[in-house]
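Q: Structure incoming, see below.
The values are calculated or read from the model by the stated rules, or taken from the named source; none is laboratory data. Because the structure is predicted, anything quoted here is derived from the model rather than measured. Virtual Cβ from ideal backbone geometry, glycine too; neighbours counted across all protein chains shown. These accessible areas exclude ligands, DNA and RNA; they are computed on the full protein's heavy atoms, side chains included. Shrake-Rupley method; radii C 1.70, N 1.55, O 1.52, S 1.80 Å.
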Amino acid sequence: MAFVNQLIKSTFKLHGFNLNTESTRILAESLSKIDEQNHEDTLEKIIDELAKKNLDGTSCLTKADIENVLKELNQNDKNSAEKVEIFHIIDAFDVPKSIYCEVTKKLIKLSNNSRSQAVNCRSLLGESRAKIDIFTQRFKIIHQRTMRHELFSPCVVSSNNIGKKKFQLKPIEYLLSNVNHVEDIIVLGMISQLKENKFFIEDQTGHLPLNLSDAKYHSGIYTEGCFVLAEGNLVDGIFEVKALGFPPAEFESTSR
């Protein structure tokens, strides 16, 4: 039961909700009636239902909030048992839009209020800024995921990873500020073709021309617009790539 209570509290806290003792007890009793492997999915359904409701902007959930959501989910389960929807079509203009917050390290759902209207604007013909926002958000998510990997995460004194080889990502502005020869640098960035038949690597801080003549490619398909980890040397303002690979993937459990 202690593990279930901890799972409930951590899951709700991750989504910005706080539970009192009574609310936690009700949720724990509900989870005890289903298989343990379905606990996380059930909690996600409950949180999704709570997110749809107007909770007056408060993050503290009451006993009544939890009971109402559980009743609605039970009713939905009964209805779904009678009628199963094979296809569910969602309007592209109704799909929730979210952005990654570097401060809280979470995806924040945008609302339709006046403060986020400019960012959350929907149009069949997007502005030029929309393309920039797509790649900016993609870079932020990939960067924070890469920094969580054991090869790039900072070494903790009490960790078992002491003594293991660590790598440090450098922003492109760091290379641009060095006029001398810089060796064995790893950069996370997007491959782009800013000039015809000439490839560059760029991030939010700048861009550098690439020399891929001696690069060793790890498995994968490399295209313009993809994000890569490039290891190499900076020589006369050109990043000479020794190895090129993709950012490490991670399990869903780690992402949560």
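Q: Can you pick out the pairs among Lys105/Lys242; Lys9/Lys33; Lys105/Lys216 whose Cα atoms lie more than 30 Å from each other?
A: Working: Lys105/Lys242 32 Å; Lys9/Lys33 18 Å; Lys105/Lys216 33 Å.
Table pairs above 30 Å Cα-Cα are Lys105/Lys242; Lys105/Lys216.
Q: Under 12 Å Cα-Cα from Lys71, which aspartates and glutamates qualify once same-chain neighbours fewer than 8 residues away are excluded?
A: Glu49
Q: Roughly how many Å² is the accessible area per residue of segment 1-43, as a whole number, for a 1.4 Å probe?
A: Numbers: 2750 Å² over 43 residues.
On a per-residue basis, segment 1-43 sits at 64 Å².
Q: Using a 10 Å cut-off on Cβ atoms, rank the peptides 42-52, 219-229 from the highest mean neighbour count down.
A: Details: 42-52: 15.7, 219-229: 12.8.
Top of the packing list down: 42-52, 219-229.
Q: Going down the list Lys106/Lys140; Lys106/Lys165; Lys52/Lys131; Lys106/Lys166, which pairs span over 18 Å between their C-alpha atoms?
A: On the way: Lys106/Lys140 11 Å; Lys106/Lys165 28 Å; Lys52/Lys131 29 Å; Lys106/Lys166 25 Å.
The answer is Lys106/Lys165; Lys52/Lys131; Lys106/Lys166.
Q: Same structure again: Rounded, prolate or oblate: pick one for segment 183-233, where a ≥ b ≥ c are the square roots of the eigenvalues of its C-alpha gyration tensor, a/c under 1.5 means rounded, and failing that, prolate if a/b is larger than b/c, else oblate.
A: Working: a/c = 1.30, a/b = 1.11, b/c = 1.17.
Since a/c stays below 1.5, the shape of segment 183-233 is classed as rounded.
Q: With the full set of protein chains in place, find how many percent of the accessible area of segment 160-252 is carbon and sulfur; take the probe as 1.4 Å.
A: Values: 2790 of 5670 Å².
Within segment 160-252, the accessible surface is 49 percent carbon and sulfur.
Q: To the nearest 0.05, what FRET efficiency results for Asp48 and Ile221 with a Förster distance of 30 Å applied to their C-beta separation? Could the numbers behind the result be given before it?
A: On the way: r = 34 Å, r/R0 = 1.15.
Approximately 0.30, to the nearest 0.05.
Q: Past 30 Å, Cα to Cα, is the threshold; run Lys109/Lys195; Lys109/Lys198; Lys170/Lys195 against it and keep the listed order. Walk me through the numbers before you get to the answer.
A: Values: Lys109/Lys195 36 Å; Lys109/Lys198 38 Å; Lys170/Lys195 24 Å.
From the list (Lys109/Lys195; Lys109/Lys198; Lys170/Lys195), the Cα-Cα distance tops 30 Å for Lys109/Lys195; Lys109/Lys198.
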